[in-house]
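So the structure is just underneath, and the comments pick up after that.
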Amino acid sequence: MRRAAAASFIAAIAVPALCATAARAQGTILTIEISRSNARPHAPTGSINTLQDLMAAFAGCWAPPPADTSRGPVDLTFQVSFKRSGELFGKPRAINFARQVTDKEREVYYRAVAEAVERCAKMPFTETMGGAVAGRPFRVNFLDRRNTKRAGFTWPTEKS
C-alpha cells in the first residue's frame, strides 16, 4: 500500500551514466519528481530490490520544505553511497541547486536532505541489490514540481 502511495507521489526515472568515465565519476543518476508535499515522511518498510524501489524509498523519506511561490521551486541534487548492508557509505553531500538560493534556503534544504537521508540511512536492500549498489555513488535529483502548472491535454477519441 505504501509503495502504491509512493508511486503516485513520484514520477521517477533512472538514468545510468552514459560513458565509463562519467559512470565512475557520477554514478547512477536517480531523478525524482516531487508533485506534492509529503506530510508523513517515513523510512522504507519493504525490501529494496530495484532502482525503482530505491527511488520510491527516497521519495517516501523526503519532506520538501514549504514551497516559496514568489521565488519558484528549488531543484536539488545530492550524492550518496551505501554499503552492502544498506548503511551509508561516507557522508551525503548536496552538490547542486538548479537556481540561485539564499543562505537561508540553502540551510533549509541541507537540513531537509540530512533528515531524509537519516530516515533512509538503513536501506533494507535485498542481498542482490546490496551487492549491486555497494560503494557506488548515486546522484539523487529532487525536482520540485509542486508549483508548476501543467497544461491540460486530452487524447483525441474516435467516435464510432
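Quick notes on this one:
- Karplus-derived HN-Hα couplings along segment 105-122 (A = 6.51, B = -1.76, C = 1.60, θ = phi - 60°), whole Hz, x at Gly and Pro: 4, 4, 4, 4, 6, 4, 5, 4, 5, 4, 5, 5, 5, 5, 4, 9, 4, 10
- Each label point was placed 7 Å from the Cα along the Cα-to-Cβ direction; for SER81 and ASN147 their separation is 3.6 nm.
- The mean sequence separation of alpha-carbon pairs under 8 Å and at least six residues apart, normalised by the residue count of segment 28-96, gives a relative contact order of 24 percent.
- Between the amide H of ILE48 and those of PHE125, THR126, distances stay under 5 Å, these residues lying 5 or more places away or on another chain, with hydrogens modeled in the peptide plane.
- Distance between the 7 Å Cα→Cβ label points at THR126 and SER35: 2.7 nm.
Each value in this text was obtained by applying a stated rule to the coordinates, not by laboratory testing. All of these numbers come straight from a predicted model, not from anything done at the bench. Note that we place each Cβ from the backbone using ideal geometry, even for glycine, and neighbour counts take in every protein chain shown.
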